[in-house]
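Below is one structure, written out as structure tokens, with a few remarks after it.
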Amino acid sequence: MGAVVTRTAKNVMVEKSELGELTSIGSGGQAKVYSAADYTMPGMNGRIVYKQYRKAILAKYGDALYHGMPELILFPDSLDDKNQKYLSTLAVWPKALVVENGRALGILMRIIPDTFFFDMILPNKNSRTLLELQHFYRMDAQKQELGIPLTSDKDKILLVLKLIKGIEFFHRHNLVLGDFSPRNVVVSHPAKLDGPNKGKLFPKFLDIDSFRFRGGQPPIEQMNTPMWYPPEIRKAQDQVAQLTAAGATSLEVGTAEAHMRNLNFRTDVFKFGLATLRLFHSSEDAIAIYISPDARIRIAKLIGTKRANVLLASLEENPVNRPTMADILKQFQA
């Protein structure tokens, strides 16, 4: 048996010139995504995609990407085989940093499997669309109209349990998600799975480039998706507005702004709780609510009052009073 090779940051950097022909397959606010069909990554099967950041992102975060992204890319190397396999099912983890002339340009990833897409029904033609968690917040009639798979409350709570396990896994390995929202979690289409997994919902986390190790800095700044603000972040926003209106010093305003960017395990827990509450809120405004007695009752009926109380304590206004993801997971392991 040959010696185990320990990879370094340089080992996970790929020159853009090595990628060959690139075909555009999508775009977003921060980046464009290309198929890199000509490129073969050693030790990895399957299609590779290249996420190339826009110039504005590189101007702001290029150095952080170059110095910080390799640490995230190398994270799976610290895991045993079982946990590496679990991580590969849980997240679209970056595989390499693409560079040119000593500067970061983007990342390479496995393509998202077809099981996480659905055909959205539109007036002119159907559109192949990622089955993001947010689509499950729609009313059943709208889901049927758009081609979104229908799910029972039991299906949803089993999905929530998988989210609990996934986020607890990240936290146990000192990873802060930061911008956790239903747009950067996709869900398997229940009709596209075979065997024992047929009909089940599995989550997969996207946008790993904004994850960070606890105590460290993310390659790309961790943001808050609109309508997904924890109470302490909303409070900091109000404080910034008040200080600015009062003509406070730049130091005072800057200190308050730093609190707005302080995303951590406790803000992850709140956003998880909010995602769960909205999943069980039976109204068209589910994507925006912060309070739902109806959802709380439905959750308690499914998992019992004790478990529900611990799970929904994730929505406590005071971050100190929120359980950890490990605390929540323990309730389902008892």
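The values are calculated or read from the model by the stated rules, or taken from the named source; none is laboratory data. None of these values were measured; they are calculated from a predicted model. Here the Cβ is made from the backbone with ideal geometry for all residues, glycine too, and neighbour counts use every protein chain on show.
Table: residues versus (1) more than 19 Å from the chain's Cα centre (by Cα); (2) polar (S, T, N, Q); (3) within 30 Å of Leu150 (Cα to Cα).
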position	(1), (2), (3)
Phe205	no, no, yes
Pro226	no, no, yes
Arg234	yes, no, no
Arg261	no, no, no
Asp268	no, no, yes
So, in the stretch 297-316, exactly how many residues are crowded, with 16+ Cβ neighbours inside 10 Å and part of a loop (DSSP other than H, G, I, E, B)? 1
Within the bounds of the stretch 41-63, is there any residue that is touching a Leu at 6+ places or on another chain (Cβ under 8 Å), of a type in the set (Val, Ile, Thr) and either under 23 Å from Phe75 (Cβ atoms) or in contact (Cβ under 8 Å) with a residue 60 or more places away in the chain (or both)? yes
Could you go through the stretch 321-329 and let me know if any residue there is in contact with a helix residue (DSSP H, G or I) (Cβ under 8 Å, 6 or more places away or on another chain), surrounded by fewer than 17 Cβ atoms within 10 Å (Cβ to Cβ), assigned to a helix (DSSP H, G or I) and of a type in the set (A, V, I, L, M, F, W, C). yes
Under 8 Å between Cβ atoms, which residue pairs at least 6 apart in sequence (or on different chains) link something in the stretch 148-169 that is in contact (Cβ under 8 Å) with a residue 60 or more places away in the chain with a partner that is part of a helix (DSSP H, G or I) and among the small types (Gly, Ala, Ser)? Leu163/Ala275; Glu168/Ala326
Can you give me the number of residues within the stretch 146-155 that are exposed (fewer than 13 other Cβ atoms within 10 Å of the Cβ) and in a helix (DSSP H, G or I)? 1
Looking at the structure I just gave you, is Ser314 touching a Gly at 6+ places or on another chain (Cβ under 6 Å) and under 19 Å from Leu163 (Cβ atoms)? yes
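Listed here are the residues, each with its yes/no results for (1) at negative phi; (2) in the same structural domain as Asp209 (by TED's automatic domain parsing); (3) not aliphatic (A, V, I, L, M).
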position: Lys82; (1), (2), (3): yes, no, yes
position: Trp93; (1), (2), (3): yes, no, yes
position: Asp140; (1), (2), (3): yes, yes, yes
position: Leu150; (1), (2), (3): yes, yes, no
So which of Ser27, Ser17, Ser78 is exposed (fewer than 15 other Cβ atoms within 10 Å of the Cβ), in contact with a His (Cβ under 9 Å, 6 or more places away or on another chain) and not assigned by TED's automatic domain parsing to the domain that holds Asn184? Ser78
